[in-house]
Amino acid sequence: MTELQPIPDDWTYAPAPEGRDIVTLQPRYGLYVGGQWLEPSETYTTLAPRDEEPLAEIAQATEEDVDRAVTAARDAFANGWSSLPGSERAKYLFRIARILQERAREFAVLESLNGGKPIKESRDVDLPLAAAHFFYYAGWADKLEYAFPNRRPKPVGVAGQIIPWNFPLLMLAWKIAPALACGNTVVLKPAETTPLTALLFCDVLRQAELPPGVVNIITGDGRTGAALVDHAGVDKIAFTGSTDVGKLIQRRLAGTGKKLTLELGGKAANIVFDDCALDQAVEGIVNGIYFNQGHVCCAGSRLFAQESIYEPLVDKLKHRLTTLRVGDPLDKNTDVGAINSRMQLEKIEELVASGREEGAEIYQPPCRLPEKGYWFAPTVFTNVAQSYRIAQEEIFGPVLSVLTFRTPEEAVEKANNTPYGLSAGVWTEKGSRILWMAQRMRAGVVWANTFNRFDPTSPFGGYKESGFGREGGLHGLEPYLTFDE
Ligand code: NDP
């Protein structure tokens, strides 16, 4: 007879660190221009936000470097890429997608190391979606005439692309895949704090034998981004980042004839009706705001609870927060990783302090935060008035503001009371109510009984101060094309 094992009384998770040996970091990185690595004249250090470990020296591209990159992109555009048949361009995109899949673990580890997000998110969300974007747009490359019948689509030229630090590789894929599918060439600038996966991506381009100059990657801070925006040889700017910088770029481009798409901030409403599946909604709320430490432009940062379920909902939510594991991004059990930078941490702390001062009630589950690095505990604010800064401004951290409503009309009015309009969530069992709400929400994406779902076939983008233009889907091709009409 087999002996019965005693039931353990300690169910705490043992550490499950993902090995980082798969990543080989260079001590110093140059600029990837015309298929070559250029020596930088100036560098800065990129860190691991989990413990401030210096990871590598990164080039700070100057105006001359930007000019070299744009010239390389222009040459590549003129000397073959723009006239290559779509079916040939597609082959490169398919290759890139497949190589990303093959090297997924390496990229996921590097993304978590440099950005601070949990490895299970880099591994299960960022990498599969980045590869899917290349696959998806590879499929369009030879079908542009069908996508836009009788409009004779043509590439725009050189696209300058500026991306943020919250989804470094995924935003790169969102930008580069449709641009190349349409026959454009690219100069891309990753965010200052998260350049490493974009630099590793240059090795994917080498493996895929992409012709030199079709994609150029230049690193640096906002000055490099500004030089790219201002360069006369750029035909189109695609920007994802803060609304403030987005507005600045729009002002600088006014009258230049350059095309522009802006994907900016958000303050999404996640609206929970009393007839919803409550436990499912709690999971959606948690995913909506604590995914990627809340560093998500479409994060569900304002929870609107119908008054009749306010108490059970908040109780369940607080209980669920106690089960979130905050810690090492490279641990496979981690739910909430490190804040991306000291600057972002200070911004979160400042807004959270304003919430307390204005009179909101704060809840944070007991959790021990690591001593080194940048950390912030998952936070819920109740007793929030619509006028509070935490209900108005984008915090871009793991901080949820809970508000209430009584009727669907009131929910719509309160949810739309924001300068932003990127996304929204509705939780109810009634299909008719979902449609009624979706028609009235001023948001580019409305999720029903789910949140933060992404798919390359589905367009994404905002209203109002969340920007304009769409990325993803058929709509995502249009900003990279001109038409003979
Ligand atoms: P930014 O808008 O400054 O950064 C986005 C990108 O633009 C980065 O590559 C940045 O470079 C670059 N950039 C900065 N200044 C200029 C400029 N004048 N011209 C052209 N490019 C420029 O966002 P932050 O990183 O400063 O974050 C601030 C806030 O913005 C966050 O707290 C959050 O609220 C919001 N945000 C929203 C994002 C979104 O997805 N909608 C993404 C990131 C931030 P560099 O990295 O060197 O600054």
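Quick notes on this structure:
- As a size descriptor, the averaged projected area of the C-alpha convex hull of the stretch 269-456 was calculated at 10.6 nm².
- Relative contact order %, the stretch 269-456, counting alpha carbon pairs below 8 Å whose residues are six or more apart: 30 percent
- The stretch 269-456 - percent of accessible surface contributed by carbon and sulfur, probe 1.4 Å: 46 percent
- Excluding exposed DSSP-loop chymotrypsin sites (Phe, Trp or Tyr not before Pro) (at most 12 other C-beta within 10 Å), longest clean stretch of the chain: 14-485
- Remark: spin-label model distance A438-Q207 equals 3.8 nm, labels positioned 7 Å along the Cα→Cβ axis.
- Listed values for the stretch 438-444 are Karplus-derived 3J(HN,Hα) couplings in whole Hz (6.51 cos²θ - 1.76 cosθ + 1.60, θ = phi - 60°), namely 4, 5, 9, 7, 8, 8, x, and x replaces Gly and Pro.
- Whole-Å distance, taken between Cα centres, linking the stretch 305-367 and the stretch 431-469: 24 Å
- Anisotropy class of the stretch 73-118 from Cα gyration tensor, a/c 1.5 cut: oblate
- Under a model in which nothing but the beta-carbon of Lys, Arg (+1) and Asp, Glu (-1) is charged, the stretch 250-346 shows a dipole of about 840 debye around its Cα centre.
- Estimated inter-spin distance, M343 and S41, nm [label 7 Å along Cα→Cβ]: 2.2 nm
- Distance from the Cα centroid of the stretch 171-218 to that of the stretch 280-301 is 29 Å (rounded to whole angstrom).
- For S301, residues with placed amide H under 5 Å, excluding near neighbours: A268
- Applying both filters, DSSP loop and at most 12 other Cβ atoms within 10 Å, to the trypsin sites (Lys or Arg not before Pro) of the stretch 188-262 eliminates every site.
- For V33, the shell of other residues with beta-carbons less than 14 Å away shows a net charge of -2, using +1 for Lys and Arg and -1 for Asp and Glu.
- Taking 18 Å as the cut-off, no amide N atom of the stretch 305-343 comes nearer than this to a point 7 Å along the Cα-to-beta-carbon line of D10.
- Solvent-accessible area per residue for the stretch 344-465 (1.4 angstrom probe, square angstrom): 47 Å²
- For the chain, the relative contact order comes to 18 percent (Cα pairs under 8 Å, sequence separation of at least 6).
- Between the residues F134, P329, I7, the greatest Cα displacement towards the positive end of the dipole of the chain, with unit charges on the Cβ of Lys, Arg, Asp and Glu, is found for F134.
- If R0 equals 41 Å, the separation of the Cβ atoms of C367 and D484 corresponds to a calculated FRET efficiency of about 0.10.
- The charge dipole of the chain, taken about the Cα centre with unit charges on the Cβ atoms of Lys, Arg (+1) and Asp, Glu (-1), comes to about 1340 debye, rounded to the nearest 20.
- ³J(HN,Hα) computed for each position of the stretch 233-243 - Karplus, 6.51 cos²θ - 1.76 cosθ + 1.60, integer Hz, glycine/proline x: x, 8, 9, 8, 10, 10, 10, 10, x, 6, 5
- Qualifying GluC sites (Glu not before Pro) in the stretch 348-434, where qualification requires a DSSP coil assignment and no more than 14 other C-beta atoms within 10 Å, comprise E371, E429.
- Alpha-carbon geometry of the chain: the Rg and the Dmax are 22.8, 85 Å, given in that order.
- Rounded FRET efficiency, nearest 0.05, which uses the C-beta distance separating R105 from A147 and R0 of 22 Å: 0.05
- Spacing of the two label points (7 Å from each Cα toward its C-beta) at N417 and A254, in nm: 3.1 nm
- Which listed pairs, of K91/K236; K189/K267; K267/K316; K117/K332; K347/K414; K91/K258, have C-alpha distances above 18 Å, in listed order: K91/K236; K189/K267; K267/K316; K347/K414; K91/K258
- Between the residues P17, V445, A76, the greatest Cα displacement towards the positive end of the dipole of the chain, with unit charges on the Cβ of Lys, Arg, Asp and Glu, is found for A76.
- A simple rule links phi to the HN-Hα coupling: the Karplus curve 6.51 cos²θ - 1.76 cosθ + 1.60 with θ = phi - 60°, which for the stretch 343-350 gives 4, 5, 4, 5, 5, 5, 4, 5 Hz, with x for Gly and Pro.
The values are calculated or read from the model by the stated rules, or taken from the named source; none is laboratory data. The model shown is predicted, which means the values in this text are computed figures rather than measured ones. As a convention, Cβ positions derive from the backbone with ideal geometry for all residues, glycine included, and neighbour counts pool all protein chains shown. Accessible surface is based on the protein model in full, side chains and every heavy atom, while ligands, DNA and RNA are left aside. Shrake-Rupley method; radii C 1.70, N 1.55, O 1.52, S 1.80 Å.
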